[in-house]
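Student: If you scroll down you'll find the structure; I have some questions about it.
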Amino acid sequence: MKETQEAEKPGVGLFGAMAIGIGGMVGGGIFAVLGEAVTLAHGATVIAFLIAGAIALLTSYSYAHLSVRYPGHGGTVAFIDTAFGIDLATGSINLMLWLSYLVTIALYAVAFGSYALTFFHGPNPSWLRHVLISTGIVLPLVINLFNVEIVSRSETLIVVLKLLLLAAVITAGLPHVQASHFAASTWGGGLTVAAAGMVIFVAYEGFELIANAAGDIRTPTVTLPRAFYGSVLLVIILYCLVAAVTVGTLPESQIIIAKDYALAAAAKPAMGELGFTLVSISALLATFSAINATIYGNARLGYKLANDRELPQILERKVWNEPVQGVLIVGMLSLLIANLIDLTAIAILASAGFLLIFAITNAAASRLFREIGCNRWLPMLACLACIVALLVLLGESYLDNPAALWIFMAFVTVSVLFELLYTHVLARPLRLPDPAQSPEESAKQ
């Protein structure tokens, strides 16, 4: 009877749910980090994408079961709070999630600026790049303030366009792939390849957006797991093919020169200038759309956290039924990150943030394994994989990009101190989960 009622319930089907996950992953990430991956992993770039994809797939198991059991619109925040209660640790993690989305917006904006710069020929002054990066944030910011539906209505078209152009690049490029570019002699070291996979992990993080729509999914017990696993598997295949074409058709010297717009450069050998231009236009649309959606989503995440008294009330205030102050704060902070931190460091920050958050989410699934009806050990394995991946990323960053490591540690410290101080300012007692209570009872108190 329950399955019949689920089938009759109007809402989003399997195709729509997968589109949310694929659209979230194939947003601006692949356009931003492909060049970073190749310069780190070299001929082993496909393996780097496989490593990152395997961690995403393991984590999607936790998200699938959590979303079926708790299909509200809280997503990651709700899962963590339900499992562990609202205390200093979970409050800090929720703030880290908000900060990680700020970094993701900055990552997309830098990619937007890099691809936009390809339309300006000749030597370009450094200020032009910053203007283009800032434009990639300011325009979506204005849209969010006045008419967010302009982009949201065209989101499906943009997703289809991205996938068609990527398919065209793959189809045209595969016959030109040279096997010698993948020789073991061209690989980076083992840890370096793994670290490359972690730097580009941010390109996979969007699958968790399916959880935010779980309450609107038809037959969720069947559709949600298929949507999570199906979308992640398809994107793994897509990314590996894109990586193979990029590495296999371009000399590494050209990839290094075109690192910030590597995907457009990969289209050039087979499709010429037309392919380069089409991919660049697609990258602009994809990153612009991703920035718009992430500003919108993060402003609402800030609203929820403020409503739960985990962030200042300014993020809770609405004008024209929209969290305007939240949108402005998200936009301004993203502008600072995008213009003050280089692309590699931004990618490391974003990936490290989501690896930490996904580790906690997997731990939440393991803690709630009876309630959500999952195998306890798979979420624990996924949690361990995220932690090991995070340590590898931070270890390599210490050697190659220490600034990114210290900025990440500063983000974690700020999150903890802010939660601690803000809690005391509000005189809100910290609440540790009571082992005698179920996680759901603890979270409701």
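Computed from the coordinates by the stated procedures, all read-outs in this text should not be read as laboratory data. Just so you know, these numbers come straight off a predicted model, no measurement behind them. Here the Cβ is made from the backbone with ideal geometry for all residues, glycine too, and neighbour counts use every protein chain on show.
Student: Not counting the cut sites, what is the longest span of the chain without trypsin sites (Lys or Arg not before Pro) that DSSP labels loop and that have at most 11 other Cβ atoms within 10 Å?
Tutor: Free of exposed loop sites, the longest segment is 154-317.
Student: When the Cα atoms of region 12-427 are enclosed in a convex hull and the volume is divided per residue, what value in Å³ results?
Tutor: Here the figure is 129 Å³ per residue.
Student: Multiply the residue gap between residue 409 and residue 138 by 0.36 nm, knock off their C-alpha separation, and tell me the result in nm, one decimal place.
Tutor: Here the segment from residue 409 to residue 138 would lengthen by 94.8 nm.
Student: Specify whether the C-alpha gyration tensor of region 12-137 places it in the rounded, prolate or oblate class, a ≥ b ≥ c being the square roots of the eigenvalues: rounded for a/c under 1.5, otherwise prolate if a/b is larger than b/c and oblate if not.
Tutor: Cα axes put region 12-137 in the prolate bin.
Student: While we're looking at this one, here's another question. Non-local amide H neighbours of residue 217 (under 5 Å, H modeled in plane, Pro and chain starts lacking H): which ones?
Tutor: 12
Student: Over all directions, the average projected area of the alpha-carbon convex hull for region 321-420 comes to how many nm²?
Tutor: Projected over every direction and averaged, the Cα hull of region 321-420 covers 8.9 nm².
Student: Also, quick follow-up: Output the 0 to 90 degree angle, nearest 10, between the alpha-carbon long axis of helix 126-146 and the longest principal axis computed from the alpha carbons of the chain.
Tutor: Relative to the chain, helix 126-146 is tipped by roughly 40 degrees.
Student: Below 24 Å Cα-Cα, how many Lys pairs turn up in region 12-427? Only count pairs eight or more apart in sequence, or on different chains, if you could.
Tutor: Lysine pairs satisfying the spacing and distance rule in region 12-427 number 4.
Student: Moving on to the next point. Through the Karplus equation 6.51 cos²θ - 1.76 cosθ + 1.60, θ set to phi - 60°, convert the phi angles of region 281-294 into ³J(HN,Hα) values in whole Hz; use x for Gly and Pro.
Tutor: So the J values, rounded to whole Hz, are 5, 4, 5, 4, 5, 5, 5, 4, 4, 5, 4, 4, 5, 6.
Student: Which angle from 0 to 90°, rounded to the nearest 10, does the C-alpha axis of helix 324-340 make with the longest principal axis of the chain?
Tutor: The two axes meet at around 40 degrees.
Student: From the residues 192, 243, 421, which one has its Cα farthest along the dipole of region 12-427 in the positive direction, the dipole being from +1 and -1 charges on Cβ of Lys/Arg and Asp/Glu about the Cα centre?
Tutor: Final value for the positive-end residue is 243.
Student: While we're looking at this one, here's another question. What range in the chain is the longest one free of chymotrypsin sites (Phe, Trp or Tyr not before Pro) that are in a loop by DSSP and have at most 15 other Cβ atoms within 10 angstrom?
Tutor: 121-319
Student: With label points built 7 Å along Cα→Cβ from the Cα atoms of residue 121 and residue 252, find their separation and express it in nm.
Tutor: 3.2 nm
Student: Based on Cα coordinates alone, diagonalise the gyration tensor for region 31-71, multiply each eigenvalue by 5, take square roots, and list the semi-axes in whole Å, largest first.
Tutor: Rounded to whole Å, the semi-axes are 30, 11, 5.
Student: Given +1 on the Cβ of Lys and Arg, -1 on the Cβ of Asp and Glu, and no further charges, what dipole in debye does the chain carry about its Cα centre, rounded to the nearest 20?
Tutor: That gives the chain a dipole magnitude of about 340 debye.
Student: How far apart, in nanometres, would the label points at residue 146 and residue 336 be if each is projected 7 angstrom from Cα along the Cα-to-Cβ direction?
Tutor: 2.7 nm
Student: Sticking with this structure for a sec: Can you give the FRET efficiency for residue 128 and residue 421, using 1/(1 + (r/R0)^6), R0 = 41 Å, r = Cβ-Cβ distance, to the nearest 0.05?
Tutor: Efficiency for this residue pair is about 0.50.
Student: Assuming R0 = 22 Å, can you tell me the calculated FRET efficiency for the pair residue 307 and residue 328, based on Cβ-Cβ distance, to the nearest 0.05?
Tutor: 0.80
Student: Per residue of region 108-125, what does 6.51 cos²θ - 1.76 cosθ + 1.60 with θ = phi - 60° give for ³J(HN,Hα)? Whole Hz please, x for Gly and Pro, Karplus curve as stated.
Tutor: For region 108-125, the Karplus curve yields 4, 5, 5, 5, 4, x, 5, 6, 5, 5, 5, 7, 10, 8, x, x, 10, x Hz.
Student: Between 175, 125, 402, where does the largest GNM mean-square fluctuation fall for the chain, given springs only between Cα atoms within less than 10 Å?
Tutor: Looking only at 175, 125, 402, the largest GNM fluctuation is found for 125.
Student: Here is a further query. Round to the nearest 10 and give me the degree value, 0 to 90, for the angle of helix 75-84's Cα axis relative to the longest principal axis of the chain.
Tutor: Between helix and principal axis, roughly 50 degrees.
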